[in-house]
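One structure is given here, and the rest of the page talks about it.
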Amino acid sequence: MTRSSATTAHPSPASLAGGEQVAVRRPDYRFRLADYAIILKPNVMSLVVFTAMVGMLVAPGSVDPLTGVIAIACVAVGAGAAGAINMWYDRDIDREMARTRERPIPAGRMRPALALVFGVVLAVASVAAMAALVNALAAALLATTLVYYIFIYTMWLKRRTPQNIVIGGASGALPPVVGWAAVTGSVDAGAIALFAIIFLWTPPHSWALALFRRDDYARARVPMLPVVAGERATRLQILVYTLLLVPASLAPTVIGLAGPLYGVVALGLGVMLLRHALRVWRDDTDRSARPLFGFSILYLFLVFVALLADSALAAFI
């Protein structure tokens, strides 16, 4: 099945009150492997898997390679499961937003019930495999991540409060802790430092997106901060969380988890992120929000790369 056929629409005429004929797309529920990949949110999954892998590799101690691969696979499957259930639940607002309306469910290419079953099966399998093949704490943390993202963020917070991504951001910050626990069987200061970096990074990243996608969120009645509190308040909150993130990103060096290489890189990246946040703060339009959003992704990736590089350098010294 080609990707082009996946978007084939079957229009049928429908009459409006005035007699005007419009085309209505009928659902096309043929099986398409690509659509099952899309509902796993592979872009989000890749960042989740990467941060979990870094948490595993910088944790003290070691784990045999097979167990490590199994742990990362469980995190990947769990992240995909959360994405599928999120798309099932959010199918109504996804139809209203330009950036999401072509997803498989709102576009009529996948039955909602199939996405739900697919997600639930993957979620249960990921936690069960982590418990049986890695350790109980890593499995409990993975289960907590899924429950938090699905029930607390997606089903409760997202549609009720502009602090949705602040409180709900804890779920996105847990993967490195899961990776850490897979190696150590515990959660200590190093794992908490990694959690804090992602937790404080999430608001500037998400609110930058919300600034230049404000109309989308307003149309879908999602109470993101720019919609509820206004753009000026959002710019201020982006700046505040960035100011908190920069020193928090240096915590791995302070507690001895990383060395000066990481500290220098993290500080340099933090200064660059802060410059973007200041541009957003001073800008009365949303033009500077898009560059901040793009750089924020690169920032988090490079901070965790620096952790890996620092850890590898320490192993050779």
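Structural remarks
This table checks each residue for (1) aliphatic (A, V, I, L, M); (2) touching a residue at least 40 places away in the same chain (Cβ under 8 Å); (3) assigned to a helix (DSSP H, G or I).
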{"residue": "R275", "(1), (2), (3)": "no, no, yes"}
{"residue": "S296", "(1), (2), (3)": "no, yes, yes"}
{"residue": "V303", "(1), (2), (3)": "yes, yes, yes"}
{"residue": "A314", "(1), (2), (3)": "yes, yes, yes"}
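- Filtering region 277-294 to residues that are part of a helix (DSSP H, G or I), farther than 27 Å from A52 by Cα and charged (D, E, K, R) leaves R279, R282.
- Pairs, first in the same structural domain as D35 (by TED's automatic domain parsing) and in a loop (DSSP other than H, G, I, E, B) in region 111-130, second among the hydroxyl-bearing types (S, T, Y) and loosely packed, with under 14 Cβ neighbours inside 10 Å, C-beta under 9 Å, six or more apart: R111/Y29
- V134 modelled with pLDDT of 95 or more, outside the structural domain of A218 (by TED's automatic domain parsing) and surrounded by fewer than 16 Cβ atoms within 10 Å (Cβ to Cβ): no
- Residue, surrounded by the most Cβ atoms within 10 Å (Cβ to Cβ), within region 271-291, restricted to residues that are of a type outside the set (A, V, I, L, M, F, W, C) and touching a Pro at 6+ places or on another chain (Cβ under 8 Å): H276
- Residue tally, condition within 20 Å of the chain's Cα centre (by Cα) and closer than 13 Å to L146 by Cβ, over region 90-123: 4
- Elements of type helices (runs of 4 or more DSSP H) contained in region 188-255, each with 2 or more residues being within 30 Å of G61 (Cβ to Cβ), touching a residue at least 40 places away in the same chain (Cβ under 8 Å) and not assigned by TED's automatic domain parsing to the domain that holds R99: 189-212, 231-248, 251-254
- When L146, L245 are checked against the criterion of being at pLDDT 95 or above and closer than 30 Å to G268 by Cβ, a single residue qualifies: L245.
- Residue within region 162-171 that is surrounded by fewer than 20 Cβ atoms within 10 Å (Cβ to Cβ) and closer than 26 Å to C74 by Cβ present: yes
The values are calculated or read from the model by the stated rules, or taken from the named source; none is laboratory data. For clarity, every value in this text was computed on a predicted model and none was experimentally measured. Note that each Cβ is placed from the backbone with ideal geometry, even for glycine, and that neighbours are counted across all protein chains shown.
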